[in-house]
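Comments concern the structure below.
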Amino acid sequence: MIFLLALALVLVELTGVWLRYLPFAHTVLAVQRRNLLQLSAGWALLAFLTYAAVMTMYKGDVLRFKLLVALGWIPFFLISYYCIPRGFVQHLFVIGMQSLFSILLHTLSAFLVIAAMPPDYGENMHMLALMYCYLVLFLLLIPLERRWFSQLVPAQRFFQYRHLGLYIASMPMVVLFAYVLPIMDNQLYHSMPERLGRLALPIIFFLIFRLVLTAAHQMSEHTAEVNRNNLLAQQLYALREYTRLNEEKRQAMRVLRHDMRHYNRLLSTLLDSGRIREAKQLVDKQLADLENTTMQEFCANDLINATMSIFYYHLSKLEISLQQKLNLPRDMAGMDMDLAIVLSNLLENALHASMKQPVMDRAIKVSAQYTGRQFVLSVANRFKEPLLMDSEGLPYSDEPGHGAGMISLRAFVRKYNAQCDFRQQGGWVTVMLYWYGEE
């Protein structure tokens, strides 16, 4: 009987492994799935031997049985965390919800076993019946479990910021500990009111938590709408700024044309009098004035060129050094609009960060290259203070009004399946994007 009980305990833990795998199933690679299966099977064998030894040593003691049930998930959880590389808060949330669901099944099993089995069968037989009743209930509820746990993890944006992510993830665990600790004693069954309370608590929690997630989703949709409006306002501002710059250049050209007659007369006078050096200086000044009447071309693409022109103008006014090397095609099949938005946000973040540095340490580097279908964008700025990073390795700020740049960056990464590398090294903060364009 001890070996059957140990086997049942292992099978119950393996059901937890499967439930905790479902929320991440659509993003788990084949090699990660294989590692999870092999490591879980290997530990299951060791756990079976351990459980059998413990139950034999303590002769089926109820408290040891409860401790094995309560703590047996830890090695399996660590295996899942190792094989499925996701944020810790997401794993914490999943293990909390899965444990509450398990508690619900255990409580239902207790009601069924008490109703069906006389008490004189002994505690070991009752513990065995509880475990196998749990497994039967689990099998019967597989369609519901698959559907519910596959959609269990909220969107990544709920875990994006540390405080919000920990709050969401810790709620199930807080309820779980408050639920489990009072029943960790040497009593197999508790009173009917206690069992009814344990049955109602997970159900009530699931309903309340569902309402919390629904409200959070609605708030997130509202935030997304606000961000879309902000991006539209940003595009209109960029268009207005580019129009203003063009008007300034045209005005400078009109002034230059108006002064052309005076310039020619002065140049002729200097040449006639043999003042060659002064004439050369006048020509150089005229060339510089003429250069100021044209928009600098950074690359062949008009939208990227407009974005760079706007920030080149603002950075020069703020005495921020800009090093740039852009090589992008004229036709980017509609991708240039998304890239211009991302570049604009990254440059704006770099500008604000540079303004927090001493004047001599203000510098920004921009590079954009393409080869065939492969594109690479890099934006770097000097910044000495350490950055706060979220679970995706991107910087974040708890200050209100910040974060729109990272939202547009995440949207670009998702849309074009891009790889994003964000690092802070040697006093420089650098973000690099790699992606493939359409054929």
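Quick notes
- Breaking point among (1) at pLDDT 75 or above; (2) part of a loop (DSSP other than H, G, I, E, B); (3) surrounded by 12 or more Cβ atoms within 10 Å (Cβ to Cβ), for Thr293: (1)
- Selection of the stretch 332-373 for residues being charged (D, E, K, R) and farther than 17 Å from Gln424 by Cα yields Asp336, Asp338, Glu348, Arg373.
Here is a yes/no grid of residues against (1) over 15 Å from His106 (Cα atoms); (2) modelled with pLDDT of 90 or more; (3) not in a helix (DSSP H, G or I):
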position	(1), (2), (3)
Gln32	yes, no, no
Ala41	yes, yes, no
Lys59	yes, no, yes
Lys66	no, no, no
Phe77	yes, yes, no
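- Boolean, Arg146 is modelled with pLDDT under 85, in a helix (DSSP H, G or I), under 34 Å from the mean Cα position of the chain (by Cα) and over 24 Å from Lys66 (Cα atoms): no
A quick yes/no check of all residues on (1) closer than 23 Å to Phe101 by Cα; (2) outside the structural domain of Ser80 (by TED's automatic domain parsing); (3) surrounded by fewer than 17 Cβ atoms within 10 Å (Cβ to Cβ); (4) over 31 Å from the mean Cα position of the chain (by Cα):
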residue	(1), (2), (3), (4)
Arg34	no, no, yes, no
Gly42	no, no, yes, yes
Val54	no, no, no, yes
Met57	no, no, yes, yes
Asp61	no, no, yes, yes
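- The stretch 331-345 - residue that is more than 23 Å from the chain's Cα centre (by Cα), surrounded by fewer than 20 Cβ atoms within 10 Å (Cβ to Cβ) and not hydrophobic (A, V, I, L, M, F, W, C) and, of those, farthest from Phe412 (Cα to Cα): Asp331
- Residue count for the stretch 109-128, restricted to those that are touching a residue at least 24 places away in the same chain (Cβ under 8 Å) and within 17 Å of Lys66 (Cβ to Cβ): 9.
- Scope the stretch 408-417; condition more than 12 Å from the chain's Cα centre (by Cα) and surrounded by fewer than 17 Cβ atoms within 10 Å (Cβ to Cβ); matching residues: Lys415, Asn417
- Residue within the stretch 88-101 that is touching a helix residue (DSSP H, G or I) at 6+ places or on another chain (Cβ under 8 Å), of a type in the set (Ser, Thr, Tyr) and in contact (Cβ under 8 Å) with a residue 24 or more places away in the chain present: yes
- Given (1) surrounded by fewer than 15 Cβ atoms within 10 Å (Cβ to Cβ); (2) out of contact with any Cys (no Cβ under 9 Å at 6 or more places or on another chain); (3) not β-branched (Val, Ile, Thr), index of the condition Ala116 fails: (2)
The values are calculated or read from the model by the stated rules, or taken from the named source; none is laboratory data. Since this is a predicted model, take the numbers as computed values, not measurements. Cβ sites come from the backbone with ideal geometry, for glycine too, and all protein chains shown count toward neighbours.
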